[in-house]
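First, the structure itself, so that you have it in front of you.
The values are calculated or read from the model by the stated rules, or taken from the named source; none is laboratory data. Bear in mind the structure is a predicted one, so any value in this text is a computation, not a measurement. Cβ atoms come from the backbone with ideal geometry, glycine included; neighbour counts cover every protein chain shown. For the accessible areas, the whole protein counts, side chains as well, though only heavy atoms, and no ligand, DNA or RNA atoms are used. Shrake-Rupley method; radii C 1.70, N 1.55, O 1.52, S 1.80 Å.
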Amino acid sequence: MTTVEIRLPGRICPVHIGENLIRQTGSFVASLGRARKVLVVTDDNVAPLYLDTVLSSLTEAGLEAFSAVLPHGESTKTLSSLEGLYHTLAGHGITRSDIVLALGGGVMGDLAGLAAATWLRGVRLVQVPTSLLAQVDSSVGGKVAVDLPEGKNLVGAFYQPDLVLCDPSVLSTLTPAFWADGLGEVVKYGCIMDPDLFDLLEKLAPGGRDALMGSMHDIVSACVRDKAKVVSEDERDTGARMILNFGHTVGHAIETCQGYAGLSHGCAVAAGMVAISTLSEKQGLTEQGTTERLVRLLETLHLPVTLPPIPLHDLTAAMGMDKKTFNSTLHLVVLDRIGSCRIHKASTDFFAGL
Ligand code: GLY
């Protein structure tokens, strides 16, 4: 087992990474102390696969375990689902010393996390992420939220989990779409700060998913270590944490223009990373050959490297560059080379060659 500590002022949040860790959920949660009850929040995709394992492990550890199973997908990340969870928490008499456990991908982590952050003004949160994206990104760093019709993640909080358990073996049940979704974020860490991870991915990618799964413990650990470093420097996302958004300015714009029904987040980020890197390389901001290397890796991983057919005007408007904000300065994450990046202040001209 590998343990990565997120060091924040006044507290440390441990992330444990290890095969079959999910079976030991109960003993890890019990070791946090004081809790009598645990509400496991999960979705109807994950429940048939892992809910029994987690509930039995909690019960064997002497905890009273309850579950809330919600429909899967982003459309569940709403205020009304959150209210439903409050009623469930009330119904089970979850007190301040008890625990909310998020079992699933980013949607469950965000929703259960916000419930934990607000129930009785905050109860402890344990994250057991079951998607690659949640293991390497959303379960780590304390961002929790729900969506509004006006936009994604508009109501939320920074609320650090007391414990994160990443079990890479559960990733074997991911559908190809969810697998690709997480890989986009994995490549991102290699690009922005981890040249060794990028090298490892280049070595493993030709062997396909089996080869990557064989080294998933190391891959997840590297990503969590990278994210821990960034979050420790800038928990509240006011500066350094911005580098985690490499490829996201264009990626989010793609998702918005496609009404969240086209490319998945990780795939949109992959296309966004290539778009930004192509432009920054053309403008002499990025070492020559960087984009070619990035494209080769993404193609080998079967991730998109070109933008979907969206008119440039729509894409730039979605990036906040409509008439109202046309002259505003953008803070873009650009690569110096593979494994190193910086924030580049740019005007809309940056995207002229898109
Ligand atoms: N996913 C970006 C962040 O946690 O800041």
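Among the residues of region 147-163, write down those that are in contact (Cβ under 8 Å) with a residue 60 or more places away in the chain, open to solvent by less than 40 Å² (accessible area, probe 1.4 Å) and not in a loop (DSSP other than H, G, I, E, B).
147, 163
Hey, another quick one. Condition first: in a helix (DSSP H, G or I) and small (Gly, Ala, Ser). Now tell me which residues in region 214-232 satisfy that.
Within region 214-232, 214, 221, 222, 228, 232 meet the criteria.
Kindly indicate whether residue 175 is open to solvent by 10 Å² or more (accessible area, probe 1.4 Å), without any contact (Cβ under 8 Å) to a residue 24 or more places away in the chain and either within 16 Å of the ligand (Cβ to nearest atom) or out of contact with any Phe, Trp or Tyr (no Cβ under 9 Å at 6 or more places or on another chain) (or both).
yes
Among the residues in region 258-269, are any more than 15 Å from the ligand (Cβ to nearest atom), assigned to a helix (DSSP H, G or I) and under 17 Å from the mean Cα position of the chain (by Cα)? Full working, then the answer.
Within region 258-269, the subset more than 15 Å from the ligand (Cβ to nearest atom) is 258-263, 267.
Those still in the list that are assigned to a helix (DSSP H, G or I) too: 267.
Subsequent filtering for residues that are under 17 Å from the mean Cα position of the chain (by Cα) retains 267.
Yes, region 258-269 contains a residue that is more than 15 Å from the ligand (Cβ to nearest atom), assigned to a helix (DSSP H, G or I) and under 17 Å from the mean Cα position of the chain (by Cα).
Checking residue 101 against (1) within 16 Å of the ligand (Cβ to nearest atom); (2) of a type outside the set (Phe, Trp, Tyr); (3) crowded, with 24+ Cβ neighbours inside 10 Å, which single condition isn't satisfied?
So the condition that residue 101 fails would be (1).
To keep it simple, each residue is scored yes or no on (1) more than 19 Å from residue 267 (Cα to Cα); (2) under 17 Å from the mean Cα position of the chain (by Cα).
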position	(1), (2)
128	yes, yes
164	yes, yes
170	yes, yes
181	no, yes
184	no, yes
199	yes, no
206	no, no
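Let me ask another. If residue 232 satisfies every condition in (1) in contact with a strand residue (DSSP E or B) (Cβ under 6 Å, 6 or more places away or on another chain); (2) of a type in the set (Ser, Thr, Tyr); (3) more than 13 Å from the ligand (Cβ to nearest atom) but one, which is the exception?
In the conditions (1) in contact with a strand residue (DSSP E or B) (Cβ under 6 Å, 6 or more places away or on another chain); (2) of a type in the set (Ser, Thr, Tyr); (3) more than 13 Å from the ligand (Cβ to nearest atom), residue 232 misses (3) alone.
Table: residues versus (1) more than 13 Å from the ligand (Cβ to nearest atom); (2) open to solvent by 20 Å² or more (accessible area, probe 1.4 Å).
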site	(1), (2)
108	yes, no
111	yes, no
116	yes, no
119	yes, yes
123	yes, no
128	yes, no
133	no, yes
140	no, no
145	no, no
